[in-house]
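Below is one structure, written out as structure tokens, with a few remarks after it.
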Ligand code: SF4
Ligand code: SF4
Ligand code: FES
């Protein structure tokens, strides 16, 4: 029951993926803006977080997003050679290679994490990529880590409850 | 009755190495024994659970508990000792961050039971008998604790006041902690009782660690003859020093082996494995997928490498599909 409460649903009860997007200020973020200004329609499931460079993306952010309830994570940076800080996106590429492999080993399906190079003028690319990840994650279903954590920890709450019950019994026994 | 402060030692899912580190205090153990009364220490002294139960709440000054929490019995003892102690100290990597036992969070209970009682090459168990929590025989009932879904660090079960890190902790840290307890000069609650700086800063080889590493290959210790003077990471070995807390006296480095991260992260890091992954991957050379993949293939098991002692504290806590 509780586990379900964490899953985002539309009015008709259909699962709506929650995607956290980390976009570089100089390219993909601007492209997303452009897509907005040009009134391109794309899935409303992304929450965009602006970074000054994709190289600022600490793998801890991706872990945290999933742990807090994201169903997918999308990272957008400048094309190779175009990073404003020269090397930032190469660092991202290296980190993502290892992080993706590690997430797979941790049971997170590959389609939930995606790195894309999208320049400031490629508004249509933002539209395509966002729609695509939303559909792929929708097909996978909810990840719902907060719900999973709750489920796993129910077993220790049980004992906690028992211990408290015992304590109360003892306390009552003393009164008599 | 003695008025000396009461101290308890307890162990849960651990290997016994932490107990060894207490004994390693050598003659200093006499100093400790002089200053405190040990009221529980299953590995060395014959006290029982009921002795602890009979004590008033908070009457133990400090319990040093080592080992991760896997069974309902361990949980129960952790709760009991929490209630009876003023300070509960997570002692060693397993209590601190899950330790080696927490690597089991990559597998489901069923996978573990099946392997241990059926598939392991050393097992002869034709009837495939498995342990049960309750067994009736001749009108008597024998019980066993529950085997939990996941391995937990101590603070994922009860409140913890301090942490002494390490696999095992050094005798020096233990001695300092006991002295701090006796003098009442304790740091803020929740502190890790070890320096809050990265191991690299204390490493005797740090001068040979280049600013820009640009590694073209990662190797494992058994694949190379290790130069005893040069920074291990610069030699392509996955040394976790850059994201691991110092205070261990660089034990592994001195033994010519890379740091595997047993002291856990510094306080500014929220996920030890993800942070060291970030550092290590970015030291790789290579500018396209293929090249990068080839270099990083030298780290074949990122979970086992980066969370060797800390999977319980990984933000995802282990393989997310294994614990339904
Ligand atoms: S990476 Fe390892 S060997 Fe190199 S300075 Fe840091 S702790 Fe020492
Ligand atoms: S070098 Fe690393 S693994 Fe070795 S004792 Fe120190 S912290 Fe632990
Ligand atoms: S500035 Fe856009 S990826 Fe570095």
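Taken together, the values in this text are just the output of simple stated rules run on the coordinates, not laboratory data. None of these values were measured; they are calculated from a predicted model. Cβ: placed from backbone, ideal geometry, glycine included. Neighbour counts: every protein chain shown.
Helix B:171-183 sits at what angle to the longest principal axis of chain B, using alpha carbons and giving 0 to 90 degrees rounded to 10?
On a 0 to 90 degree scale, this one is about 50.
Roughly how far apart, in whole Å, are the Cα centres of region A:40-62 and region B:210-227?
33
If R₀ is 25 angstrom, what is the calculated FRET efficiency for the pair residue B:28 and residue B:254, using the beta carbon separation as r and rounding to 0.05? Each step should come with its number before you reach the end.
Details: r = 21 Å, r/R0 = 0.85.
After rounding to 0.05, the efficiency reads 0.75.
Evaluate 2.2 N^0.38 Å with N set to the residue count of region A:16-143, then give the Cα radius of gyration divided by it. Mind showing how you got there, number by number?
Details: Rg = 13.6 Å, N = 128, 2.2 N^0.38 = 13.9 Å.
That ratio works out to 0.98.
Using the per-residue mean of other Cβ atoms lying within 10 Å as a proxy for protection, in what order, highest first, do the peptides B:99-105, A:134-140 fall?
B:99-105, A:134-140
Would you mind giving the mean number of other chain beta-carbons within 10 Å of the Cβ of each residue in B:196-204, as a whole number? List each step's numbers first, then the result.
Details: counts 0, 0, 0, 0, 0, 0, 0, 0, 0.
Mean partner-chain Cβ count within 10 Å for B:196-204: 0.
Helix-only mean residue ellipticity at 222 nm, chain B, DSSP H runs n ≥ 4 weighted -39,500 (n - 2.57), per residue, nearest 500. What is it?
Numbers: 11 runs with 85 residues, N = 324.
That calculation yields -7000 deg cm²/dmol at 222 nm.
Under a plain spin-label model, where a point goes 7 Å from the Cα along Cα-to-Cβ, how far apart in nm are residue A:50 and residue B:138?
My value for the distance between the label points is 7.8 nm.
How long is region B:199-313 along each principal axis, judged by its Cα atoms, biggest number first, in Å?
38, 33, 26
log₁₀ I(q)/I(0) of region A:90-153 at q = 0.19, 0.27 Å⁻¹, via Debye over equal Cα point scatterers, no solvent, to two decimals?
-0.90, -1.15
When ranked by the protection proxy of mean other Cβ atoms within 10 Å per residue, highest first, what sequence do the peptides B:235-242, B:297-304 form?
On the way: B:235-242: 23.0, B:297-304: 17.2.
Going by the mean number of other Cβ atoms within 10 Å, highest first, we get B:235-242, B:297-304.
For region B:54-109, what mean projected area does the convex hull of the alpha carbons give, in nm²? The partial results should precede the final answer.
Details: hull surface 16.1 nm².
Its average projected convex-hull area is 4.0 nm².
Starting from the alpha-carbon convex hull of region B:133-254, give the projected area averaged over all orientations, in nm². Before the final figure, lay out the partial values.
Working: hull surface 54.8 nm².
Average of the hull's projected areas for region B:133-254 equals 13.7 nm².
Which whole number of Å³ per residue matches the convex hull of the alpha-carbon atoms in chain B? Let's see the in-between values first.
Details: hull volume 57.2 nm³, N = 324.
Per-residue hull volume (Cα only) is 176 Å³.
Considering only C-alpha atoms, what is the centroid distance from region B:1-51 to region B:53-75, in Å?
Cα centres, region B:1-51 to region B:53-75: 13 Å.
Cα centroids of region B:245-284 and region B:78-141: how far apart, whole angstrom?
Rounded to whole Å, the Cα centres lie 28 Å apart.
Cα extents of the protein assembly as shown along the three principal axes, largest first, in whole Å?
Principal axes ranked by extent give 81, 63, 52 Å for the Cα atoms.
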